[in-house]
Amino acid sequence: MNRLEPGRAGAWADALTIVSIVALGICVAAFVSHASPPSAASETRAEPRATSTETTSAPPEPADTTYRAPEVTYPTNIPGCTVVEPPSAESSTWVQAVTSEDAYDNPQYPWYSGQRSVMMTDAVAEALPDRVEVLFGSRRESLIFQPIPQTSPDPIEVTGPGFAQASAEMGRGDKVGLLSVSVGFVDTGVPPCIAGAVRERTTEADGAVVDINESWYEIGPQRTNFRTVTAYAPDGSQISATASDATGFQSSNSGERDIVLTIDELKALVQQPELRATTQVPPNTPQPGGGCDGTFGFTSGGPTIRAETAHTLNEVLRGIDVGERFDRGLNSLMLADFQDDVVCTQVDVLDTGADLSLTIKGGQELPEIPDVYDPAYKSRPLNTEILDGGAVLEVDDSPYTYSPAPEGRPNGGTYRTVIVTYPSGTQVEVRSHAENPDEPLGVDKLRTIATADGLDVL
């Protein structure tokens, strides 16, 4: 596609740019502006002392993080807008920090729930055009609506708007782009048209106001082209969809970067009735599936896992039968959140109180076989053995108790784990968990999964 070019070459803008490092719940905000010439003092470098033969090397050039965008022309006319306001000289910013503790049933945003997130996720999937597909990624990057992060330790206090968000890298032919959808319930009404932020405004038959924008921005040398459509529904819902040629977080997908959805396709998406905050959720809507167990604690250092490899692993898992029924297939491996070198899944074992998690990664060293006479032996796995071919299998049980025990709740439980590490570096970890009085799956069943032929591909 043709790239969007600035209306005036060399346009610079001061901006409050948010750099979100969405890992372990960390968010960083940084104020950046256009570069200014260095002062005379900053240009002065210390001369080497006459008595020294050492030379002083110049410090590395700082990374360019300057924010640039097209210069805004004002006054101007915008189709569908009776009044156009100038861009604000002040910037306001609100940041959502993602953590492992976020829950769908957030009392700060009672309009949202786990079942509503499933309804919204299904609606977006149904609204996608033919031949546009969600590409391989983690659960947070697979166009699945996530919990709205709690904005204050006080469950009643609300410190900012709450938006449920879903994003993913999308494929269309040989093109790859990013799609992000956000849904909020805001009682501030329809905002005014702002020059530079809206290219066109329309009012639909049901009273919804729809804004369209198409532009670009740069941070340093990196330019991102995007299209955004935002619908302001009569019930107070604010629904926004942005398609861009940006790269998703920890992406392992390849292809030509482009915007893969048109304005009309984005308009159809944001007008899905299931995305409105007051739409009734069908009573038989399931709860969202859980993410990988302990996702935030994964460390690997192994090779990047791409879609083709994950498909191979899932095909192996599809054929495994341990005599149990799961709420979804074991062949549901996805990238771990914030990782591109770990795949995992977690399922519930039906008709039991147990669950099962499966993690596969590469680049791991073979564990040492413990010496039974080592004083530290008691802290080692319950059982360690060498399999045919040199793989090392470890079995462990980790019971735990609550102190004090929660009233009306189990007083503890058990994690049972089987880990197989291959000489190639592939490591397969299968873990089952249950709270008392239920029991996790037995070692034999976990072992059958962990040692299945065809999993040693990393």
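The values are calculated or read from the model by the stated rules, or taken from the named source; none is laboratory data. All figures in this text were calculated on a predicted structure; none of them were measured in a lab. With ideal geometry, Cβ positions are generated from the backbone for all residues, glycine too; neighbour counts draw on all protein chains shown.
Looking at T188, is it in contact with an Asp or Glu (Cβ under 8 Å, 6 or more places away or on another chain), farther than 21 Å from Q272 by Cα and without any contact (Cβ under 8 Å) to a residue 24 or more places away in the chain?
Details: in contact with an Asp or Glu (Cβ under 8 Å, 6 or more places away or on another chain): no; farther than 21 Å from Q272 by Cα: yes; without any contact (Cβ under 8 Å) to a residue 24 or more places away in the chain: yes.
Considered against the rule, which asks whether it is in contact with an Asp or Glu (Cβ under 8 Å, 6 or more places away or on another chain), farther than 21 Å from Q272 by Cα and without any contact (Cβ under 8 Å) to a residue 24 or more places away in the chain, T188 comes out as no.
Would you be able to say whether some residue in the stretch 145-153 is in the same structural domain as E204 (by TED's automatic domain parsing), at pLDDT 95 or above, among the hydrophobic types (A, V, I, L, M, F, W, C) and under 21 Å from A241 (Cβ atoms)?
Taking every residue of the stretch 145-153 in turn, at least one turns out to be in the same structural domain as E204 (by TED's automatic domain parsing), at pLDDT 95 or above, among the hydrophobic types (A, V, I, L, M, F, W, C) and under 21 Å from A241 (Cβ atoms).
Take residues that are of a type outside the set (D, E, K, R) and surrounded by 20 or more Cβ atoms within 10 Å (Cβ to Cβ) and tell me which of the strands (runs of 3 or more DSSP E) falling wholly in the stretch 158-208 contain 2 or more. First the steps, then the outcome.
Values: elements: 163-172, 175-185, 200-203.
Where strands (runs of 3 or more DSSP E) fall fully within the stretch 158-208 and carry at least 2 residues being of a type outside the set (D, E, K, R) and surrounded by 20 or more Cβ atoms within 10 Å (Cβ to Cβ), they are 163-172, 175-185.
Return the pairs, sorted by first residue and then second, in which the second residue is surrounded by 20 or more Cβ atoms within 10 Å (Cβ to Cβ) and in a loop (DSSP other than H, G, I, E, B), the first residue lies in the stretch 434-445 and is modelled with pLDDT of 95 or more, the beta carbons are less than 9 Å apart, and the residues are 6+ apart or on different chains.
A434/P440; A434/L441
Would you confirm whether any residue within the stretch 251-269 is in contact with an Asp or Glu (Cβ under 9 Å, 6 or more places away or on another chain), without any contact (Cβ under 8 Å) to a residue 40 or more places away in the chain and either more than 30 Å from A434 (Cβ to Cβ) or outside any loop (DSSP other than H, G, I, E, B) (or both)?
No, the conditions are met nowhere in the stretch 251-269.
Hey, can you tell me all the residues within the stretch 300-318 that are aliphatic (A, V, I, L, M) and within 16 Å of S424 (Cβ to Cβ)? Let's see the steps before the verdict.
Of the stretch 300-318, the ones aliphatic (A, V, I, L, M) are 305, 307, 310, 313, 316-317.
Hits for the stretch 300-318 are I305, L313, V316.
Considering only residues that are of a type in the set (G, A, S) and crowded, with 16+ Cβ neighbours inside 10 Å, which ones fall in the stretch 299-330? Outline the logic, then answer.
Step one: list which residues in the stretch 299-330 are of a type in the set (G, A, S), which gives 300-302, 307, 310, 319, 323, 329.
Within the stretch 299-330, S300, G302, A310 qualify.
Is it the case that some residue within the stretch 402-414 is in the same structural domain as I369 (by TED's automatic domain parsing), in contact (Cβ under 8 Å) with a residue 12 or more places away in the chain and crowded, with 19+ Cβ neighbours inside 10 Å?
yes
Among the candidates L333, L350, which residue alone is buried (at least 17 other Cβ atoms within 10 Å of the Cβ), modelled with pLDDT of 95 or more and not β-branched (V, I, T)?
Details: L350 fails: buried (at least 17 other Cβ atoms within 10 Å of the Cβ).
The conditions single out L333.
Just to be sure before I move on: is L458 assigned to a loop (DSSP other than H, G, I, E, B), surrounded by 17 or more Cβ atoms within 10 Å (Cβ to Cβ) and touching a Ser or Thr at 6+ places or on another chain (Cβ under 7 Å) in the structure I sent? Walk me through it before giving the result.
Values: assigned to a loop (DSSP other than H, G, I, E, B): yes; surrounded by 17 or more Cβ atoms within 10 Å (Cβ to Cβ): yes; touching a Ser or Thr at 6+ places or on another chain (Cβ under 7 Å): yes.
Judged against the criteria, L458 is a match.
With respect to G362, determine if the residue is of a type outside the set (D, E) and surrounded by 20 or more Cβ atoms within 10 Å (Cβ to Cβ). Step through it out loud before you land on a result.
On the way: of a type outside the set (D, E): yes; surrounded by 20 or more Cβ atoms within 10 Å (Cβ to Cβ): yes.
Criteria met by G362.
Are any residues in the stretch 226-247 of a type in the set (G, A, S) and part of a loop (DSSP other than H, G, I, E, B), and if so, which ones?
To start, the set of residues in the stretch 226-247 that are of a type in the set (G, A, S) comprises 231, 233, 236-237, 240-241, 243-244, 246.
Within the stretch 226-247, A233, G236, A246 qualify.
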